[in-house]
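Participant: Got a structure for you, questions after.
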Amino acid sequence: MTFELVPHPSPTPEDQIAEILKEPGFGTTYTDHTAVVDWRADGGWQNHRVEAYGDLQLSPASAVLHYAETIFEGLKAYKHDDGSVCTFRPDQNALRFQRSAARMALPQLPVETFVESLEQLLAQDKAWVPDGEGESLYLRPFLFADEPFLGVRPAQTFSYRVIASPAGNIFGGKLRPVKIWVSRDYVRAAPGGTGSAKTGGNYAGSLVAQQQAIEKGCDQVLFLDPLHENAVEELGGMNVFLVRDDNTLITPELTGTILEGITRDSIIQLAKDRGFTIEERRIGLAEWAEGAADGTITEAFACGTAAVVTPIGQLLDGEDTITMQGDFSVTMSLREELLGIQTGKVEDRHGWLHRLA
Ligand code: PLP
Ligand code: COI
């Protein structure tokens with residue numbers, strides 16, 4: 001398929017890009033271009049193009065603004081020592097984008113178009129990939145209903161876009177163990193709901209809990225399933241693992257209420273390769289608290305594209321604090337191995353890398 005190129009008329013000068021890449025932060029600056037594909041009920045996917053990044057013109061009646069008809073993905077492009085730019089398991093993001101679309105009654109973008117849209121964007125904006133420790137170009141594909149119509153039914157027109165943003169640590173500054181607020185007031189998802197879809201509403205619904213977390217001096221929220229003895233679900237934007245002292249990793253099973261994280265899946269594989277036992281099952285918060293107290297659960301970590309692998313130092317549950325006693329050696333070595341593969345410094349023995357530029 002061909003993406004038409006309509007280049008930016010005045011791309012950002014090199015010295016300005018260099019200045020931005022010095023301190024990338026997370027999600028604050030965007031590259032010069034965007035990849036776009038339209039979808040119409042009477043003709044499907046069309047008008048594949050790469051054009052200048054810029055503000056959109058949307059009807060105030062666009063369905064996305066009223067009924068949140070939208071899904072998104074997140075993946076990262078890393079600069080390798082040989083000058084190439086690679087991303088990680090983009091086919092998996094493409095397939096999850098299709099599953100999210102199916103759940104939200106949105107059109108499903110072909111996997112090849114998803115992957116090609118990333119390649120086409122990077123062909124223009126390769127200079128925007130930072131190369132500092134743990135830094136990358138965060139790629140954000142998304143799809144939304146731009147049809148101006150107030151009736152409640154799947155829209156007839158959609159816009160698929162990819163934007164890209166230079167990224168450092170999502171938690172700001174250097175890597176450090178994060179502090180997590182346990183939400184007892186709000187749940188993220190329920191059986192039969194949209195928890196496993198990467199759709200805007202899940203994040204909108206998490207923000208009031210995230211606000212509480214910030215008020216309590218925490219970085220992120222841990223959501224529970226109160227119907228199953230306060231089973232651990234996931235963080236607002238990351239999956240969770242516990243490390244037990246008998247070379248076991250424990251993580252909540254996929255039941256439809258949590259996101260099927262690609263980092264989660266990759267960590268399971270890397271840990272299996274090391275001979276770890278993996279338990280994917282229901283974890284009550286009480287088990288976490290007891291294991292942290294008696295020293296059997298030594299470490300905990302969050303994982304996701306944005307977070308990579310980030311140690312969880314403490315959980316704040318109302319007046320109670322759960323503190324992890326371990327040294328995060330398992331967490332950090334899994335992080336190093338994963339980042340090593342992503343940045344081309346460790347052998348890609350599972351064939352996870354995909355060259356974009
Ligand atoms: N859970 C949620 C709610 C997320 O938003 C993310 C981020 O994408 C993840 C988990 C981790 O998924 P992945 O590892 O595919 O980035
Ligand atoms: C990601 O890790 O890609 C996420 O989507 C997390 C968050 C920024 C929404």
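Participant: I'd like to know if the stretch 325-335 contains one or more residues that are part of a strand (DSSP E or B) and surrounded by 22 or more Cβ atoms within 10 Å (Cβ to Cβ). Working first, answer last.
Facilitator: From the stretch 325-335, those part of a strand (DSSP E or B) are none; that's our starting set.
Checked the stretch 325-335: no residue is part of a strand (DSSP E or B) and surrounded by 22 or more Cβ atoms within 10 Å (Cβ to Cβ).
Participant: Another question about this same structure. For the list (1) open to solvent by less than 10 Å² (accessible area, probe 1.4 Å); (2) away from ligand 2 (no atom under 12 Å from the Cβ); (3) within 30 Å of ASP42 (Cβ to Cβ), I need the number of the one condition that VAL152 fails.
Facilitator: Single failed check for VAL152: (1).
Participant: Can you pull out the residues in the stretch 239-267 that are open to solvent by less than 10 Å² (accessible area, probe 1.4 Å) and either over 19 Å from the mean Cα position of the chain (by Cα) or aliphatic (A, V, I, L, M) (or both)?
Facilitator: Correct list: VAL240, LEU242, VAL243, THR248, LEU249, ILE250, ILE258, ILE267.
Participant: Which residues, counting only those in the stretch 95-128, are touching a residue at least 60 places away in the same chain (Cβ under 8 Å) and aliphatic (A, V, I, L, M)?
Facilitator: Keep residues of the stretch 95-128 that are touching a residue at least 60 places away in the same chain (Cβ under 8 Å), which gives 96-97, 99-100, 103-104, 107, 109-110, 112-113, 115-128.
Hits for the stretch 95-128 are MET104, LEU109, VAL115, LEU118, LEU121, LEU122, ALA123, ALA127.
Participant: What single numbered condition from (1) within 16 Å of ligand 1 (Cβ to nearest atom); (2) among the polar types (S, T, N, Q); (3) in a loop (DSSP other than H, G, I, E, B) fails to hold for GLN108?
Facilitator: Condition (1) is where GLN108 drops out.
Participant: Right, next: Can you name the condition, by its number, that GLU234 falls short on among (1) at pLDDT 95 or above; (2) more than 9 Å from ligand 1 (Cβ to nearest atom)?
Facilitator: Among (1) at pLDDT 95 or above; (2) more than 9 Å from ligand 1 (Cβ to nearest atom), GLU234 violates only (2).
Participant: Here are some residues: PHE171, PHE144. Which one is closer than 30 Å to ALA231 by Cβ and not basic (Lys, Arg)?
Facilitator: Working: PHE144 fails: closer than 30 Å to ALA231 by Cβ.
Checking each option against the conditions leaves just PHE171.
For (1) small (Gly, Ala, Ser); (2) within 11 Å of ligand 1 (Cβ to nearest atom); (3) in contact with a strand residue (DSSP E or B) (Cβ under 9 Å, 6 or more places away or on another chain); (4) in the same structural domain as ILE71 (by TED's automatic domain parsing), each residue gets a yes or a no:
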{"site": "GLN212", "(1), (2), (3), (4)": "no, no, yes, no"}
{"site": "ASP225", "(1), (2), (3), (4)": "no, no, yes, no"}
{"site": "ASN230", "(1), (2), (3), (4)": "no, no, yes, no"}
{"site": "ASP246", "(1), (2), (3), (4)": "no, no, yes, no"}
{"site": "ALA293", "(1), (2), (3), (4)": "yes, no, yes, no"}
{"site": "ILE297", "(1), (2), (3), (4)": "no, no, yes, no"}
{"site": "PHE301", "(1), (2), (3), (4)": "no, no, yes, no"}
{"site": "ALA306", "(1), (2), (3), (4)": "yes, yes, yes, no"}
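Participant: Regarding ALA52, is this residue more than 20 Å from ASP32 (Cβ to Cβ) and either touching a Gly at 6+ places or on another chain (Cβ under 7 Å) or among the aliphatic types (A, V, I, L, M) (or both)?
Facilitator: On the way: more than 20 Å from ASP32 (Cβ to Cβ): no; either touching a Gly at 6+ places or on another chain (Cβ under 7 Å) or among the aliphatic types (A, V, I, L, M) (or both): yes.
Criteria not met by ALA52.
Participant: Let me ask another. Which residues, taken from the stretch 40-66, are open to solvent by less than 50 Å² (accessible area, probe 1.4 Å) and not in a helix (DSSP H, G or I)?
Facilitator: Residues of the stretch 40-66 that are open to solvent by less than 50 Å² (accessible area, probe 1.4 Å), as a first pass: 44, 48-52, 54, 59, 61-64.
The answer is GLY44, HIS48, ARG49, VAL50, GLU51, ALA52, GLY54, SER59, ALA61, SER62.
Participant: Okay, next question. Scan the stretch 71-85 and give yes if some residue there is more than 16 Å from ligand 2 (Cβ to nearest atom) and either over 29 Å from CYS303 (Cα atoms) or among the aromatic types (Phe, Trp, Tyr) (or both), otherwise no. Let's see the steps before the verdict.
Facilitator: Initially, the stretch 71-85 is screened for residues more than 16 Å from ligand 2 (Cβ to nearest atom), giving 79-85.
Filter once more, keeping what is either over 29 Å from CYS303 (Cα atoms) or among the aromatic types (Phe, Trp, Tyr) (or both): none.
No, there is no match, as no residue in the stretch 71-85 is more than 16 Å from ligand 2 (Cβ to nearest atom) and either over 29 Å from CYS303 (Cα atoms) or among the aromatic types (Phe, Trp, Tyr) (or both).
Participant: Which residues, taken from the stretch 67-82, are more than 16 Å from ARG153 (Cβ to Cβ), open to solvent by less than 30 Å² (accessible area, probe 1.4 Å) and away from ligand 1 (no atom under 16 Å from the Cβ)?
Facilitator: Matches in the stretch 67-82: HIS80 only.
The values are calculated or read from the model by the stated rules, or taken from the named source; none is laboratory data. Bear in mind the structure is a predicted one, so any value in this text is a computation, not a measurement. Don't worry about glycine lacking a Cβ; one is built from the backbone with ideal geometry, like all the others, and counts go over all protein chains shown. Ligands, DNA and RNA are stripped out before the accessible areas are found, and what is left, the full protein with its side chains, is counted by its heavy atoms. Shrake-Rupley method; radii C 1.70, N 1.55, O 1.52, S 1.80 Å.
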